[in-house]
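This report concerns only the one structure given below.
The values are calculated or read from the model by the stated rules, or taken from the named source; none is laboratory data. In this text, all values refer to a predicted model and were calculated from it rather than measured experimentally. Every residue, glycine as well, gets a Cβ built from its backbone with ideal geometry; the counts of neighbours run over all protein chains shown. Keep in mind that these areas ignore ligands, DNA and RNA; they rest on the heavy atoms of the full protein, side chains included. Shrake-Rupley method; radii C 1.70, N 1.55, O 1.52, S 1.80 Å.
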Amino acid sequence: MIPITVVDVRDAESLVVEVLRSGAIAQGPMVKRFEDAFAAVSGTKHAVAVNSGTTALVAALQVLDLQPGDEVITSPFTFVATLNAILEAGATVRFADIAREDFAVDPDQVTAAIGPRTKVLMPVHLYGQTADMGKFAPLAAERGLHLVEDAAQAVGASFDGRRAGSFGVGCFSLYATKNITTAEGGVITTDDDQLADRLRVLRNQGMRARYQYEVAGHNYRMTDLHAAVGIPQLEKLDALTAARQANAKRLSDGLAGTPGLTLPAVLPGREHVWHQYTVLVGPHAMLSRDELAAALTERGVGNGIYYPKIVFDYECYRGHPLIPEASTQDFPVASSVAAQALSLPVHAKLTESQVDTIIATVREVLGA
Ligand SMILES: *Cc1c(COP(=O)(O)O)cnc(C)c1O
């Protein structure tokens, strides 16, 4: 079986052992070291490490002082954490449809969704390519809105030479399957000194110095054990990304012209870090998306559907007071992409011959 994802953190052994032997296993100097390396990678002044990508999003929203009724505009085609974080922060969610080219919210749709209570634009950089930040950064500035980037899948990605997470408040995930992992973990990036300071206080029970509480906080802390797992990967990020990019290129060259398949595009000015390599299986393909997925699995080619439905299209969100008037029919592009998207293995551990097997298998089952 060629797996859709492989976790390889063996290079962290000596740093992890160092932390274990020190006995200081909670948040400490290793987290600081991880944060400094992460800030350098994202080109931001600050990186605040937390215990998940979800808490990164929640904390980023909490320090923006949103009031009940304030709205966050985001994508209906994303991992559920984007939505859950907004709800946990107590904000009202507005969705804007996505663009088929980059799978991220469409700037025109976002502009149309802005209302008097809109406070935050939250594009999701899906699959490792940024949203159209050339439009979202000026739009947020002109309208006086906060820009929070769900960059969970986009560590190292860039738009016009600027890294994901450096346009607004960047929120990253370090979950086991992400491009960089600490098992569980997250990071918030910002250039704003005051925001970074508030995030650091918030993540530690709202405590500035021992028993000196400034806000009602939380425990969002990362541990030194987790930071130690991530440091070697950050040091190798460029090589890990280059391996994904080479695999994506080989896949695209090999799959070009397969009837019914739309291959993922790298849009001008964007550096794609290929968290996922996602094709669209159109109505004229020999197999439906679900049939193709089953045929690949049967032949030992791992694959994944990210994501099978629009994010709010589940019973638990129906009639939710913070998700007003959302109907799947209002998001035709997201609906069609959710029915057609299929991700193929692109991770850094693939060999060229495995990539060739993926290509040959897809072509064979689609009659190409
Ligand atoms: C993974 C992910 C998250 C959440 O990160 P966790 O570390 O799993 O909490 C949020 N948004 C997107 C788009 C993700 O892919």
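Picking from ASP102, ASP132, which residue would you name as being within 17 Å of the chain's Cα centre (by Cα), of a type outside the set (Lys, Arg), assigned by TED's automatic domain parsing to the domain that holds PHE167 and away from the ligand (no atom under 16 Å from the Cβ)?
Details: ASP102 fails: away from the ligand (no atom under 16 Å from the Cβ).
The conditions single out ASP132.
Give ALA151, ALA176 a once-over and let me know the one that is surrounded by 23 or more Cβ atoms within 10 Å (Cβ to Cβ) and not acidic (Asp, Glu). Full working, then the answer.
On the way: ALA176 fails: surrounded by 23 or more Cβ atoms within 10 Å (Cβ to Cβ).
Answer to the selection: ALA151.
Name the single residue that is farthest from the chain's Cα centre (by Cα) among those in segment 234-260 being surrounded by fewer than 21 Cβ atoms within 10 Å (Cβ to Cβ) and of a type in the set (S, T, N, Q).
Among them, the one singled out is THR258.
Mind listing whichever residues of segment 85-94 are more than 9 Å from the ligand (Cβ to nearest atom) and either assigned to a helix (DSSP H, G or I) or within 17 Å of the chain's Cα centre (by Cα) (or both)?
First pass over segment 85-94, keeping only residues more than 9 Å from the ligand (Cβ to nearest atom): 86-94.
Answer for segment 85-94, where residues must be more than 9 Å from the ligand (Cβ to nearest atom) and either assigned to a helix (DSSP H, G or I) or within 17 Å of the chain's Cα centre (by Cα) (or both): ILE86, LEU87, GLU88.
Return yes or no: is ALA47 over 14 Å from the mean Cα position of the chain (by Cα), in the same structural domain as ARG162 (by TED's automatic domain parsing), within 16 Å of the ligand (Cβ to nearest atom) and closer than 23 Å to ALA196 by Cβ? Steps first, please.
Numbers: over 14 Å from the mean Cα position of the chain (by Cα): yes; in the same structural domain as ARG162 (by TED's automatic domain parsing): yes; within 16 Å of the ligand (Cβ to nearest atom): yes; closer than 23 Å to ALA196 by Cβ: yes.
It is true that ALA47 is over 14 Å from the mean Cα position of the chain (by Cα), in the same structural domain as ARG162 (by TED's automatic domain parsing), within 16 Å of the ligand (Cβ to nearest atom) and closer than 23 Å to ALA196 by Cβ.
What do you reckon, is GLY230 more than 16 Å from the ligand (Cβ to nearest atom), small (Gly, Ala, Ser) and touching a Phe, Trp or Tyr at 6+ places or on another chain (Cβ under 7 Å)?
no
Would it be correct to say that ALA91 is crowded, with 24+ Cβ neighbours inside 10 Å and farther than 30 Å from THR241 by Cβ? Write out each step before concluding.
Details: crowded, with 24+ Cβ neighbours inside 10 Å: yes; farther than 30 Å from THR241 by Cβ: yes.
Spelling it out, ALA91 is indeed crowded, with 24+ Cβ neighbours inside 10 Å and farther than 30 Å from THR241 by Cβ.
Select from segment 158-173 the residues that are over 26 Å from VAL93 (Cα atoms) and not in a strand (DSSP E or B) and write down the one among them that is most open to solvent (accessible area, probe 1.4 Å).
Here the answer is ASP160.
Taking the options LEU139, LEU195, name whichever one is more than 30 Å from PRO264 (Cβ to Cβ), open to solvent by 10 Å² or more (accessible area, probe 1.4 Å), part of a helix (DSSP H, G or I) and not β-branched (Val, Ile, Thr).
Working: LEU139 fails: more than 30 Å from PRO264 (Cβ to Cβ).
The unique qualifying residue is LEU195.
Is there a residue being in a loop (DSSP other than H, G, I, E, B) and of a type in the set (Phe, Trp, Tyr) anywhere in segment 277-284? Give the derivation first.
Filtering segment 277-284 for residues in a loop (DSSP other than H, G, I, E, B) gives 282-284.
Adding the requirement that they be of a type in the set (Phe, Trp, Tyr) leaves none.
No; the residues of segment 277-284 include none that is in a loop (DSSP other than H, G, I, E, B) and of a type in the set (Phe, Trp, Tyr).
Consider segment 24-79. How many of its residues are part of a helix (DSSP H, G or I), farther than 19 Å from HIS218 by Cα and open to solvent by less than 30 Å² (accessible area, probe 1.4 Å)?
Going through segment 24-79 one residue at a time, the tally reaches 7.
Consider VAL301 carefully, then state whether it is modelled with pLDDT of 95 or more and in contact with a Lys or Arg (Cβ under 6 Å, 6 or more places away or on another chain).
Values: modelled with pLDDT of 95 or more: yes; in contact with a Lys or Arg (Cβ under 6 Å, 6 or more places away or on another chain): no.
The answer is no for VAL301.
Do you know which residues across segment 325-368 are open to solvent by 10 Å² or more (accessible area, probe 1.4 Å), in a helix (DSSP H, G or I), under 18 Å from LEU261 (Cβ atoms) and in contact with a Ser or Thr (Cβ under 7 Å, 6 or more places away or on another chain)?
Residue satisfying the conditions is ARG363 alone.
Are any residues in segment 1-40 touching a helix residue (DSSP H, G or I) at 6+ places or on another chain (Cβ under 7 Å), farther than 16 Å from GLU184 by Cα and aliphatic (A, V, I, L, M), and if so, which ones?
Those that are touching a helix residue (DSSP H, G or I) at 6+ places or on another chain (Cβ under 7 Å), farther than 16 Å from GLU184 by Cα and aliphatic (A, V, I, L, M): ILE2, LEU15, VAL19, ALA24, ALA37.
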